[in-house]
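J.: Encoded as structure tokens, here's the structure I'll be asking about.
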Amino acid sequence: AQSVAQPEDQVNVAEGNPLTVKCTYSVSGNPYLFWYVQYPNRGLQFLLKYITGDNLVKGSYGFEAEFNKSQTSFHLKKPSALVSDSALYFCAVRDRGADRGSTLGRLYFGRGTQLTVWP
Amino acid sequence: KAGVTQTPRYLIKTRGQQVTLSCSPISGHRSVSWYQQTPGQGLQFLFEYFSETQRNKGNFPGRFSGRQFSNSRSEMNVSTLELGDSALYLCASSLKAVDEQFFGPGTRLTVL
């Protein structure tokens, strides 16, 4: 079955330290990979995506993510965390579907990881 | 460009009633998806529409239905509401199905 796992419900880091939010997936083929962030009482915001090419993807607000095909992982990283980064982070994976034309498979979301950055 | 808008933002209903939620995607976006978000289950996929056709459907009972109009606006309907339907319902749009999705603020549904 297709699935996305975020093994940590919570991640706590001190401001200025590097942060990593983990994501692994079980989706057939070469999926599209996304990270989204949700601030309290707001909808999800797109952070970054991996479609093809360089395994290290850079996104908004200084975040980056590394795609590792052999480990089927797409971990979110930031070299220096800010208090304002505190939010709920979702990893999402979209399989390319059986029809390589215009039809794509559905988008699978992880359960989310609550990131807290303390001053 | 205006973002994804959802109406209403808040809704209170009682068990057995039905409800219709509306979503207006970003201008030019033809793909619209719906999600249910709850603290216990996280983000659950409901359905996805592209050019008025339902492309994907999640594992929800038939009480949950949706449609997309020719102007890409979408509605979802939940009939015979149950207490467990209380959730934040999120709509998202994208230019093409492969692109990143842009989410609306959600409709907070409370079923009493």
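J.: If you add up the charges near residue A:16, with Lys and Arg at +1 and Asp and Glu at -1, over every other residue whose beta carbon is less than 14 angstrom from its beta carbon, what do you get? All intermediate terms of the calculation are to be shown ahead of the outcome.
T.: Details: positive: A:78; negative: A:15, A:85.
Cβ neighbours under 14 Å give a net charge of -1.
J.: What average count of beta carbons from other chains do you get within 10 Å of the Cβ of residues in A:27-36? Don't skip to the end; give the middle numbers.
T.: Details: counts 0, 0, 0, 0, 0, 4, 0, 3, 1, 5.
Average per residue, whole number: 1.
J.: Quick one: pull the percentage of alpha-carbon pairs in chain B with a separation above 20 Å. Display every interim value, and only then the final one.
T.: On the way: 2085 of 6216 pairs.
Of all Cα-Cα distances in chain B, 34 percent exceed 20 Å.
J.: Let's see if you can work this out: charge +1 on each Lys and Arg Cβ, -1 on each Asp and Glu Cβ, no other charges. What is the dipole magnitude of chain B about its Cα centre, in debye to the nearest 20?
T.: On the way: 12 positive and 7 negative charges, 33 e Å.
It works out to roughly 160 debye.
J.: If you average 1/r over all unlike Cα pairs in the protein assembly as shown and invert the result, what Kirkwood radius do you get in angstrom? Let's see the in-between values first.
T.: On the way: mean 1/r = 0.0549 Å⁻¹.
18.2 Å is the Kirkwood radius here.
J.: Further question: Only Cα pairs within less than 10 Å get springs; with that Gaussian network setup on chain A, which residue of A:93, A:37, A:83 has the largest fluctuation?
T.: A:83
J.: Hey, another quick one. Excluding residue B:78 itself, calculate the net charge of residues whose Cβ lies under 10 Å from the Cβ of residue B:78, where each Lys or Arg counts +1 and each Asp or Glu counts -1.
T.: Values: positive: B:13, B:63; negative: B:82, B:85.
Every neighbour counted, the sum reads 0.
J.: Would you kindly calculate the translational diffusion coefficient of chain A, applying Stokes-Einstein with the Kirkwood radius from alpha carbon pairs, for 37 °C and a viscosity of 0.692 mPa s, and quote it in µm² s⁻¹ without decimals? Before the final figure, lay out each step's value.
T.: Numbers: Rh = 14.6 Å.
For the chosen part, D equals 226 µm²/s.
J.: Within 10 Å of each candidate Cβ there may be at most 11 other Cβ atoms; applying that plus a DSSP loop requirement, which trypsin sites (Lys or Arg not before Pro) in segment A:13-119 survive?
T.: On the way: sites: A:22, A:42, A:49, A:58, A:69, A:77, A:94, A:96, A:100, A:106, A:111; in loops: A:22, A:42, A:69, A:96, A:100, A:106, A:111.
Those satisfying the criteria are A:69, A:100.
J.: Would you tell me the mean number of C-beta atoms belonging to other protein chains that fall within 10 Å of each C-beta in B:41-53, as a whole number? Working shown, then result.
T.: On the way: counts 1, 7, 12, 1, 5, 0, 1, 4, 0, 3, 1, 0, 1.
Counting Cβ atoms of other protein chains within 10 Å of each residue's Cβ and averaging gives 3.
J.: Still on this structure: What's the average, rounded to a whole number, of partner chain beta-carbon atoms within 10 Å of each residue's beta-carbon in A:41-53?
T.: Working: counts 4, 3, 14, 10, 3, 7, 1, 1, 3, 0, 3, 0, 0.
Averaged over the peptide's residues, the number is 4.
Every read-out reported here was derived from the displayed coordinates using simple, explicitly stated rules and does not represent laboratory data. The structure displayed is predicted, hence computed values, not measured ones. Positions of Cβ are backbone-derived with ideal geometry, glycine not excepted, and every protein chain shown enters the neighbour counts.
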